[in-house]
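The values are calculated or read from the model by the stated rules, or taken from the named source; none is laboratory data. Quantities reported herein were computed from a predicted structural model and do not represent experimental measurements. Cβ placement follows ideal geometry from the backbone for every residue including glycine, while neighbour counts extend to all protein chains displayed. Ligands, DNA and RNA are excluded from the accessible area calculation, which covers all protein heavy atoms including side chains. Shrake-Rupley method; radii C 1.70, N 1.55, O 1.52, S 1.80 Å.
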Amino acid sequence: MTSLVAALLAWYRETARPLPWRATTDPYRVWLSEVMLQQTQVTTVLPYYARFLAQWPTVEALAAAARDEVLAAWQGLGYYRRAHALHETARLVVARGGWPTELAEWRALPGFGEYTAGALASIVGGERVPAVDGNVERVLARLLALEGDPARGAARATLRAYAADLVPAEAPGEWNQAVMELGATVCGRQPRCGECPVAAWCAGLAGGTPAAYPQRVPR
């Protein structure tokens with residue numbers, strides 16, 4: 001497992017896309033990127049991210065903005081509940097006098113699910129917790145050759161436990177981003193296994209059917 005972690009981190013440090021939110025651990029900038037990236041492609045988010053920061057460079061500035069201004073700036077990104085939660089959270093952070101410092105506090109903020117809380121706690125706070133989104137689920141399900149839907153029941157519990165075990169004590173946020181990057185760029189729906197830095201540890205590939213994972217159950 002240690003060799004797997006080292007191999008993926010080395011790959012990430014060498015090949016990761018130079019996205020602006022990866023150059024900082026400022027909670028406001030990381031949080032803004034995570035909210036915008038929910039169900040939205042990176043190429044779509046980039047100009048919105050830059051415009052938001054130009055208009056509201058701090059969480060205090062965003063909290064002081066009118067709701068209609070925020071919604072207008074969000075126009076075109078879709079899923080407007082994210083914009084409402086963004087503005088509400090900014091106001092709560094300012095009212096409480098600062099950002100959370102641990103996972104449970106992140107989880108209590110509006111719009112923060114399990115993934116977003118894990119991402120912020122690890123990237124910003126250095127907390128050794130996983131951040132499991134769809135990309136990460138796909139990567140880990142293939143590494144495990146996981147039987148069952150990773151979003152449900154026993155398969156979900158198995159995958160979450162595996163995700164937590166993999167997170168290194170050092171650079172947990174970088175690790176979570178590395179797994180996300182692998183899922184976004186190499187281990188997609190049609191995996192490019194010849195380019196994968198952790199192919200040697202992949203049970204799905206060893207079994208000859210990596211694309212069969214994850215085993216989604218239709219809702």
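Taking the Cα atoms only, what angle lies between the long axis of helix 172-185 and the longest principal axis of the chain, rounded to 10 degrees? For 172-185 against the chain, the angle is about 70 degrees. Probing with 1.4 Å while keeping every protein chain in the model, the per residue accessible area of the chain equals 47 Å². Rolling a 1.4 Å probe over the protein heavy atoms of region 12-79, with every protein chain left in place, gives an accessible area that is 52 percent carbon and sulfur. Along region 186-194 the Karplus relation, 6.51 cos²θ - 1.76 cosθ + 1.60 evaluated at θ = phi - 60°, assigns HN-Hα couplings of 10, 9, x, 4, 10, x, 9, 5, x Hz to successive residues, with x for each Gly and Pro. Restriction of the GluC sites (Glu not before Pro) in region 150-219 to DSSP coil positions whose beta-carbon has at most 14 other beta-carbons within 10 angstrom yields 170. Only one residue of 71, 103, 9 has its Cα farthest out toward the positive end of the dipole of region 1-103, where Lys and Arg carry +1 and Asp and Glu -1 on Cβ, and that residue is 9. For region 93-101, putting each phi into the Karplus relation 6.51 cos²θ - 1.76 cosθ + 1.60 with θ = phi - 60° gives couplings of 4, 5, 5, 7, x, x, 7, x, 10 Hz, in residue order, rounded to whole numbers and with x for Gly and Pro.
Taking amide H positions as modeled 1.01 Å from N, with prolines and chain starts lacking one, no residue 5 or more places away or on another chain lies under 5 Å from residue 129. Computed from Cα atoms, the angle from the helix 2-15 axis to the main principal axis of the chain rounds to 50 degrees. Taking chymotrypsin sites (Phe, Trp or Tyr not before Pro) as exposed when DSSP calls them loop and at most 15 other C-beta atoms lie within 10 angstrom, the chain has its longest site-free stretch at 81-219. With respect to the chain, whose longest principal axis is taken over its alpha-carbon atoms, helix 42-55 is tilted by about 30°.
Summing +1 for each Lys or Arg and -1 for each Asp or Glu among the other residues whose beta-carbon sits under 13 angstrom from that of residue 70 gives +2.
In a fully extended conformation the segment linking residue 50 and residue 114 would gain 20.4 nm over its present Cα-Cα distance, using 0.36 nm per residue.
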